[in-house]
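Worksheet for the structure shown next.
The values are calculated or read from the model by the stated rules, or taken from the named source; none is laboratory data. As the structure is a computational prediction, the values presented were derived from the model and not from experiment. Using ideal geometry, Cβ is built from the backbone for each residue, glycine included, and neighbour counts are taken over all protein chains shown. Areas reflect the complete protein model, heavy atoms only, side chains present, ligands, DNA and RNA absent. Shrake-Rupley method; radii C 1.70, N 1.55, O 1.52, S 1.80 Å.
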Amino acid sequence: MSGRIPDPLRAGLASGWKVFDGSRQVQDLDWKADVVIVGSGAGGGIAAEVLSGAGLDVLIVEEGGLYSSADFRLNEAKAYSELYQESASRQTADKGVSILQGRTVGGGTTVNWTSAFRTPPDTLRWWQESYGLATLTPEAMRPWFEKAEQRLGIAPWQGMPNPNNLVLERGCQALGLRHARISRNVRGCWNLGYCGMGCPTNAKQSMLVTSIPAALERGARLLTRVRVERLQGDQAGKRIISLRGSLLAADGLTPSGRKLTVRAGHVVLAAGAIGSPAVMLRSDLPDSADLTGKRTFLHPVAMSAALMPERIEPYNGAPQTVYSDHFMHTQSLDGPLGFKLEVPPIHPLLAGVTFPGFGSAQAELLGRLPHLHASLALLRDGFHPDSQGGEVGLRGDGSPLLDYPLNDVVWDGVRRGWLAMAELQFAAGAERVLPLHTSAEPASSWRQARAMIESLPLQPLMAKLVSAHVMGGMAMGDDPTRGVVDEWGRHWMWRNLTVVDGSVFPTSVGANPQLSIYAFAWRAATALRIRLAAG
Ligand SMILES: Cc1cc2nc3c(=O)[nH]c(=O)nc-3n(C[C@H](O)[C@H](O)[C@H](O)COP(=O)(O)OP(=O)(O)OC[C@H]3O[C@@H](n4cnc5c(N)ncnc54)[C@H](O)[C@@H]3O)c2cc1C
């Protein structure tokens, strides 16, 4: 199939784009650039397009490899190992939350599920009031959301939701809960349902097929399979003078022994909300208030599976096209954690490691995959006083590890999420409902499910929690005691360093974050472009 679909990346490479594979270099690299961008995901891609558009000499350094539509074969095993951090097995320190993050050109945008929401106005208001980010009003942010929406084809999904998503819609209708359709960043979507394995038709308007090619077309350089290890600051503690990285071997993981040095006028950090703080921690570059890596948020996700009488084929069709914010608004913003309800796709490999049970019981459940539905409750963390998120630290080998303690506030949200989802699933006609918890048994009525959920012990590893939204750790604040960067992503201490990825958010976003990252990155990169032009 892919052979007949034009692959813009392969065409660009053939036309002479300056793309270099770190694993193929036979000597150390010592390069210069006006701007070096670390990471090519949501923030890095947008920054590359904006800055290369100003005629600057831009170098993008990406740890992952370059894979494009011709490589994407709807194959889970291949996709997770090639395109995800730690082969999609990244976990928090106590293994309580499994974390999905991209590790390839395009970062998370290459593998994400295309749901697009603007930053909720109440989140922006909270940032204004609690972090002094007075200019971040919904009105001031609107042009940046609009730019990103236009550039990336973000629009309400006009197609029919797949039967998996219709379960949530039906449940909401039956219980009278507010719900709506989700906007997506696609153009000409084939409705395949395998977005998480990379889009084989280039319909998903990820950084891989939009901003990165635009930057390369304008002469930017892309260096793949190179892990940025550290930045070196000057004696005065004001400017970054160089960047050091390790070129990786052909496996894309182990260092080849060759090194990268870059001297650039400006450094843009966009390695994601675990990767960017990790670069700073490895560099031993302080911020004024020792906030780097702290208050890292996950939107911890609780899930509930349901067996439906009808065949719903949860692996087919656009993922996440229906949502409900009903439970976002039943409590105050800083009260018990609110949650957003959505419907993930279910594919066999990820279901096998996420769904509880062993042996024949799990085999029986997975054997009914075409009838399986799953809902997710995405918890809004970072607002409640006891929701302080996690902290990025370093393992002995320098690789990052997120410690995210699961406390009572999170567990309370998890339990409420399971209850809400079970009730909705039965209201939509589910035969059996199973919260993703090792002690849970399939319940055949709402009453039975409620009693079981209320008695489930809440502990890491028993409850299966996941996250695909890592945010915070190098947050914006109006002064160096309240944030690592200012509202333009500019580091308060290291003035030729700008952060443009999900790490700049002071709390979780409270909605799937890609559009927030695009908009904030566009705004920050535009301000940087103006500053650099002014000298
Ligand atoms: C499976 C999945 C589904 C998702 N679905 C949605 C969705 O539907 N809607 C939504 O809004 N969001 C979704 N997300 C989340 C969204 O994609 C991310 O929030 C977003 O991509 C994060 O952008 P970022 O710029 O912070 O980092 P990323 O996009 O993660 O990019 C960071 C890049 O930096 C690279 N990097 C890291 N460390 C280094 C280093 N030391 N040196 C060099 N390079 C480095 C990484 O390899 C990566 O490519 C999903 C994510 C996943 C994984």
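Observations on the model:
- For region 392-397, 3J(HN,Hα) per residue [Karplus equation, 6.51 cos²θ - 1.76 cosθ + 1.60, θ = phi - 60°, Hz, x = Gly/Pro]: 7, x, 10, 6, x, 8
- Split the accessible area of the chain by element, probe 1.4 Å, and carbon with sulfur accounts for 52%.
- Phi to ³J(HN,Hα) by Karplus 6.51 cos²θ - 1.76 cosθ + 1.60 over region 334-346, Hz, x for Gly, Pro: 9, x, x, 4, x, 9, 9, 9, 9, 10, x, x, 10
- Ordered by solvent-accessible area of protein heavy atoms (1.4 Å probe), largest first, the residues Lys147, Lys32 come out as Lys32, Lys147.
- Solvent exposure of the chain amounts to 36 Å² per residue of accessible area, where only protein heavy atoms count and the probe is 1.4 Å.
- Taken along its three principal axes, the alpha carbon spread of region 222-267 comes to 39, 19, 12 Å, from the longest extent down to the shortest.
- Ordered from largest to smallest accessible area (heavy atoms of protein chains, 1.4 Å probe), the residues Val186, Val35 come out as Val186, Val35.
- Counting every C-alpha pair in region 289-372, the share spaced more than 14 angstrom apart comes to 74%.
- Principal axis dimensions, largest first and in whole angstrom, of region 400-535 by Cα: 68, 29, 23
- Spherically averaged projected area of region 223-375 from its Cα convex hull (nm²): 15.0 nm²
- Rolling a 1.4 Å probe over the protein heavy atoms leaves Arg490 with an accessible area of roughly 60 Å².
- All-pairs alpha carbon distance profile, the chain, 20 Å steps from 0, percent: 24, 58, 18, 0
- Principal axis dimensions, region 63-157 - Cα atoms, whole angstrom, descending: 44, 37, 26
- Cα centroid separation, region 323-392 to region 134-205 (Å): 18 Å
- Loop-resident sites, region 381-465, for trypsin sites (Lys or Arg not before Pro), counting at most 11 other Cβ within 10 Å (DSSP): Arg395
- The chain - charge dipole about Cα centre, Lys and Arg +1 at Cβ, Asp and Glu -1, debye rounded to 20: 1060 debye
- The chain - mean residue ellipticity at 222 nm from DSSP helices (-39,500 (n - 2.57) per run, n ≥ 4, rounded to 500): -8500 deg cm²/dmol
- Pairs of C-alpha atoms in region 1-110 farther apart than 21 Å represent 47 percent of all such pairs.
- Compactness check for region 190-310: Cα Rg over 2.2 N^0.38 Å is 1.43.
- Eigenvalues of the alpha-carbon gyration tensor of region 328-477, scaled by 5 and square-rooted, set the equivalent ellipsoid semi-axes at 28, 20, 14 angstrom, largest first.
- Gyration tensor over the Cα atoms of region 382-459: the corresponding equivalent ellipsoid has semi-axes (square roots of 5 times the eigenvalues, largest first) of 32, 14, 11 Å.
- In this calculation the C-beta distance from Asp403 to Glu146 is compared with R0 = 35 Å, giving a FRET efficiency of 0.40.
- Translational diffusion of region 442-521, µm² s⁻¹ [Kirkwood Rh, Cα pairs; Stokes-Einstein; 25 °C; 0.890 mPa s]: 159 µm²/s
- Every Cα-Cα pair in region 440-481 was counted, and those over 12 Å apart are 74% of them.
- Across region 298-406, the relative contact order, built from alpha-carbon pairs under 8 Å that are at least six residues apart, equals 36 percent.
- Length gained on full extension, Ala134 to Asp234: 32.8 nm, using 0.36 nm per residue less the C-alpha separation.
- Residues Val322, Val353, sorted by accessible area with the largest first, give Val353, Val322 [1.4 Å probe; ligands and nucleic acids excluded].
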